[in-house]
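So the structure is just underneath, and the comments pick up after that.
Throughout, read-outs are computed from the coordinates displayed, never taken from laboratory work. If you're wondering where the values come from, they're calculated on a predicted model, not measured in any experiment. Cβ sites come from the backbone with ideal geometry, for glycine too, and all protein chains shown count toward neighbours.
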Amino acid sequence: MLPVKITRRAATQIQEAASWWLANRPKAPEAFQQELRRGLDLISQQPAIGPLAINAKLQGVRRIFLSRVRYHLYYRVRSERLEVLALWHASRGKGPFG
């Protein structure tokens, strides 16, 4: 299991998404946090599980789809740790690096 570091940019995106979710999804207020935790656990245990992101300028960027909340979580492995780079909603087009 790799330790996870969330970049400042990703942390801001996660906080904004979490706030939006709480304000706009009253029937499932815990869904965003649960799905994010599930995704982080998955990639820390199986870092190669996500496909390579084709629109990233950085090398080795992968992404997984958090299907319940419809966000992509972008990450890469760096020096024996996992670095979360971005959180991007599926409806937003090309992605955070495009």
For LEU2, put the label point 7 Å out on the Cα→Cβ axis and report which residues of the range 29-72 keep their amide N under 11 Å from it.
43-50, 60-63
If I model a spin label at LEU58 and SER79 as a point 7 Å from the Cα along the Cα→Cβ vector, what separation in nanometres do I get?
1.3 nm
Using every alpha carbon pair in the range 4-91, what percent of pairs falls into each 10 Å bin from 0 up to the bin containing the largest distance?
18, 53, 25, 4, 0
Below 8 Å between Cα atoms, with a sequence gap of 6+, how large is the relative contact order for the chain in percent?
33 percent
Phi to ³J(HN,Hα) by Karplus 6.51 cos²θ - 1.76 cosθ + 1.60 over the range 52-63, Hz, x for Gly, Pro:
5, 7, 7, 9, 8, 7, 7, 6, x, 7, 10, 8
Expressed in nm to one decimal, what extension gain is obtained for the pair ARG9 and GLN33 from 0.36 nm per residue of sequence separation less their Cα-Cα distance?
6.9 nm
